[in-house]
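Report on the following structure.
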Amino acid sequence: MRDPRALFQSRYGSDAVTIPDATTPIIEHLLSHRSVRAYRPDPVSDDQLAAIVAAAQSAASSSNLHAWSVVAVRDPDRKAALAECAGGQAHVREAPLQLVWLADLARLHRVAERCGRPDEALDYTEMLLVGVIDAALAAQNAAVAAQSLGLSLVYIGGMRNQPEEVARILGLPPRVFAVFGMCVGYADESKPASVKPRPAQSVVLHHERYSLEQQDAPLAAYDDAMARFYESQNMNVRGTWSVHSSKRVAGPASLTGRDRLVEALHKLGFAMK
Ligand SMILES: Cc1cc2nc3c(=O)[nH]c(=O)nc-3n(C[C@H](O)[C@H](O)[C@H](O)COP(=O)(O)O)c2cc1C
């Protein structure tokens, strides 16, 4: 573990960052996060998976409904098929374990059915959100737990490029949707990943009332910090973070297939009233 000052400096990409006089080993662990996209073939053990899932289940859950599930995929052919769904991302194929995090309303449908009770609320967008939020909270607990075991990971939003095909590959019943995947494995240290800077806190932290204007100056500074980061990593990124981010929201074509997500969700059994 590096010293807290270095952790805060790399997290914000600046030596000038104020170091709070309140850190803990857990905060320092969180500040060390980086996505890893190159893995050794060494497997993730069943014990490690069980500990990771226990951590995931320890996250809070809306109304204690547990409206999420996770599919652990180790089979090379199934990983390869998922990699294709996610736009051909090599790390999905190569990581020894792919965890696919699901918003899961099928279980509640079955529970209500077995109780002989109606479940029309499952048809509302609110319940889909409950499942997505539960899945995300569980996944982030899992991520922190995996990293504490010396494992590395990267989330895979590409799992939403072709939701029906992902559902077919994983045998998902109606009312279950793959929110994102997560590559898990031991990092290939010959291709090290660095901590990616975040915008200054004044971009995300508002006191009492929200302000959009207060974000302009720190975001300009963030463009500079990201330019320094890209250069230090020899990454050939064209344009600033602002330009790059604008391209990601330019139009439906920037959504790599996810512009038809509502249609896909309807087909997967979410009425989204
Ligand atoms: C929900 C979600 C989906 C993501 N999807 C992908 C993905 O499909 N492929 C990928 O390489 N990285 C993906 N990422 C990783 C982000 O690009 C990464 O978290 C971000 O650039 C910040 O870098 P860091 O995680 O190293 O701090 C995803 C992250 C999140 C939270």
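The values are calculated or read from the model by the stated rules, or taken from the named source; none is laboratory data. Predicted model, so just to flag it, every value in this text is computed and none were measured. No Cβ is skipped: glycine too gets one built from the backbone with ideal geometry, and neighbour counts run over all protein chains shown. All accessible areas refer to the heavy atoms of the entire protein, side chains included, with ligands and DNA or RNA removed. Shrake-Rupley method; radii C 1.70, N 1.55, O 1.52, S 1.80 Å.
Summary table below
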item	result
Qualifying residue in the range 184-202 (condition: modelled with pLDDT of 95 or more and closer than 28 Å to residue 108 by Cα)	no
Any hit, the range 202-212, residues being among the hydrophobic types (A, V, I, L, M, F, W, C), touching a residue at least 24 places away in the same chain (Cβ under 8 Å), surrounded by 13 or more Cβ atoms within 10 Å (Cβ to Cβ) and closer than 27 Å to residue 15 by Cβ	no
Residue 32 under 30 Å from residue 103 (Cβ atoms), surrounded by fewer than 18 Cβ atoms within 10 Å (Cβ to Cβ) and of a type outside the set (Lys, Arg)	yes
Residue in the range 97-109 that is crowded, with 22+ Cβ neighbours inside 10 Å, modelled with pLDDT of 95 or more and assigned to a helix (DSSP H, G or I) present	no
Residue that is most open to solvent (accessible area, probe 1.4 Å), among those in the range 143-187 that are closer than 25 Å to residue 255 by Cα and β-branched (Val, Ile, Thr)	169
Residue 271 vs. criteria of a type in the set (Gly, Ala, Ser), assigned to a loop (DSSP other than H, G, I, E, B) and in contact with an Asp or Glu (Cβ under 6 Å, 6 or more places away or on another chain)	yes
Within the range 164-261, helices (runs of 4 or more DSSP H) holding 1 or more residues that are more than 25 Å from residue 36 (Cα to Cα) and away from the ligand (no atom under 13 Å from the Cβ)	201-204, 216-232
Enumeration of residues in the range 77-96 that are outside any loop (DSSP other than H, G, I, E, B), away from the ligand (no atom under 12 Å from the Cβ) and open to solvent by less than 40 Å² (accessible area, probe 1.4 Å)	79, 80, 81
Tabulated pairs, the range 1-25, first over 20 Å from residue 193 (Cβ atoms), second open to solvent by 40 Å² or more (accessible area, probe 1.4 Å) and assigned to a loop (DSSP other than H, G, I, E, B), C-beta under 6 angstrom, 6+ apart or interchain	4/23; 5/19
Those residues of the range 242-265 which are open to solvent by less than 80 Å² (accessible area, probe 1.4 Å) and free of Cβ contacts under 8 Å to residues at least 60 places away in the same chain, in sequence order	242, 243, 244, 245, 246, 251, 254, 255, 260
Filter result for the condition that a residue is under 20 Å from the mean Cα position of the chain (by Cα) and farther than 22 Å from residue 44 by Cα, over 87, 116	87
Filtered residues of the range 64-73 (kept if touching a residue at least 40 places away in the same chain (Cβ under 8 Å) and more than 16 Å from the ligand (Cβ to nearest atom))	65, 66, 67, 69, 71
Qualifying positions in the range 219-241 - of a type outside the set (Asp, Glu), surrounded by fewer than 16 Cβ atoms within 10 Å (Cβ to Cβ) and farther than 24 Å from residue 86 by Cβ	220, 227, 228, 232, 234, 239
Answer residue from the range 116-125, given it is among the charged types (D, E, K, R) and surrounded by 13 or more Cβ atoms within 10 Å (Cβ to Cβ) and is nearest to residue 175 (Cα to Cα) among those	123
Counted residues, the range 142-162 - those being in a helix (DSSP H, G or I), hydrophobic (A, V, I, L, M, F, W, C) and within 12 Å of the ligand (Cβ to nearest atom)	2
